[in-house]
Amino acid sequence: MVRRLTQMQLSVEVKMLVQSKQKIYTLDEYRELEETAEFRNEYRDGEIVQMAGGTIDRSQIIGNIHAFLKYALRGKSLYGGKNVSTK
């Protein structure tokens, strides 16, 4: 007999499987893993949880775009007619 699950039931069962296999890390293990991690994580009571946000490369790209736009738009009217200082 094949059991058919709705999308919601399948989602709940997958979450339960993932949660039951969660490894508990020591603080030393976390620190060692964090040295080579591509993404930023945080340590919560033995669990390693990926933090919101991007990679270091992504942050550098966003910073470069911000600097370029700030320089390129200096002195331009951005707010409907009045020049607002961008300094």
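The values are calculated or read from the model by the stated rules, or taken from the named source; none is laboratory data. Model, not experiment: these values are computed from the prediction. Protein only, heavy atoms only, side chains kept; ligands, DNA and RNA dropped before computing areas. Shrake-Rupley method; radii C 1.70, N 1.55, O 1.52, S 1.80 Å.
When you scan the stretch 25-48, do you find a residue that is at positive phi, at pLDDT below 75 and small (Gly, Ala, Ser), even just one? Don't jump to the end; show me each part of the working.
First, the residues of the stretch 25-48 that are at positive phi: 45-46.
Still in the running and at pLDDT below 75: none.
No, that holds for no residue.
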I'm told ILE61 meets every condition in (1) among the β-branched types (Val, Ile, Thr); (2) open to solvent by less than 70 Å² (accessible area, probe 1.4 Å); (3) at pLDDT 65 or above except one. Can you identify the failing condition by its number? (2)
